[in-house]
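**Student:** Here you go, one structure.
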Amino acid sequence: MATSTAIASLETLVAIHRSNNPDEIYAQLISNFKRVPHFDWIGVYIKHGENMVRKAASSETPSISPARLSIIQIPIREKKEVLGKIMVMMQPSQSIDESDYLALMKTGEELGKKLALIENSA
């Protein structure tokens with residue numbers, strides 16, 4: 001894992017546990033992970049009914065055609081219920097690294113727990 005991915009993941013986990021405002025958490029997640037040099041674009045989508053709605057993104061569209069990018073989609077879930085997803089598009093010269101994937105999976109897992117906790121306390 002690139003050091004930048006490890007730092008972004010740890011900073012995001014801290015933000016998840018410090019805030020009870022989902023929009024603030026999504027914005028911090030984007031801010032942290034867009035500093036990772038080999039990530040071209042990142043977005044957070046949350047399930048509303050049957051649809052996934054983009055809640056935050058590093059930009060409106062990726063800087064390069066998505067057809068040329070490696071794409072990874074990480075579920076945001078609580079237990080088996082999918083609450084949303086984190087989508088990352090990698091730079092064209094970069095492949096998806098297993099350690100990057102594991103860091104993003106942990107982020108999605110913790111975000112799912114937090115969203116369920118916020119929903120249950122409302």
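**Student:** Could you give the C-alpha radius of gyration of region 1-64 expressed as a fraction of 2.2 N^0.38 Å, taking N as the number of residues it contains? Show your work: numbers first, answer last.
**Tutor:** Details: Rg = 12.4 Å, N = 64, 2.2 N^0.38 = 10.7 Å.
Cα Rg divided by the expected 2.2 N^0.38 Å: 1.16.
**Student:** Then there is this: Given the -39500 (n - 2.57) contribution per DSSP H run of 4+ residues, what per-residue ellipticity at 222 nm results for the chain, rounded to the nearest 500 deg cm²/dmol? Intermediate values should be presented prior to the final figure.
**Tutor:** Details: 3 runs with 52 residues, N = 122.
Mean residue ellipticity at 222 nm (helix-derived): -14500 deg cm²/dmol.
**Student:** Over the chain, what is the relative contact order in whole percent, taking alpha-carbon pairs under 8 Å and six or more residues apart? Spell out each step's value before the answer.
**Tutor:** Details: 191 pairs, mean separation 32.8, N = 122.
Reported relative contact order: 27 percent.
**Student:** Just order 3-11, 107-115 by mean Cβ neighbour count inside 10 Å, highest at the front, would you?
**Tutor:** Values: 3-11: 17.2, 107-115: 20.6.
Peptide ranking by packing, descending: 107-115, 3-11.
**Student:** In whole Å, what three semi-axes, largest first, describe the equivalent ellipsoid of region 63-122 built from its Cα gyration tensor (square root of 5 times each eigenvalue)? Working shown, then result.
**Tutor:** Details: eigenvalues 152, 28, 12 Å².
Rounded to whole Å, the semi-axes are 28, 12, 8.
**Student:** Nearest 0.05, what FRET efficiency do residue 7 and residue 94 give at R0 = 22 Å with Cβ-Cβ as r? Could you put the intermediate results ahead of the total?
**Tutor:** Working: r = 17 Å, r/R0 = 0.79.
Plugging the Cβ-Cβ distance into 1/(1 + (r/R0)^6) gives 0.80.
**Student:** Compute the semi-axes of the equivalent ellipsoid of region 1-120, taking the square root of 5 times each eigenvalue of the Cα gyration tensor, and list them largest first in whole Å.
**Tutor:** After diagonalising the Cα gyration tensor, the semi-axes are 22, 16, 13 Å.
**Student:** Report the chymotrypsin sites (Phe, Trp or Tyr not before Pro) located in region 18-95 that are in a DSSP loop and have at most 12 other Cβ atoms inside 10 Å of their Cβ, or state none. Let's see the in-between values first.
**Tutor:** Working: sites: 26, 33, 39, 41, 45; in loops: none.
In loop regions of region 18-95 (DSSP not H, G, I, E or B), there are no sparsely surrounded chymotrypsin sites (Phe, Trp or Tyr not before Pro).
**Student:** Here's something else I'd like to know. Quick one: helix 22-33 against the long Cα principal axis of the chain, what's the angle to the nearest 10°, folded into 0 to 90?
**Tutor:** 20 degrees
Throughout, read-outs are computed from the coordinates displayed, never taken from laboratory work. As the structure is a computational prediction, the values presented were derived from the model and not from experiment. Note: ideal-geometry Cβ built from the backbone for every residue, glycine included; neighbour counts use all protein chains shown.
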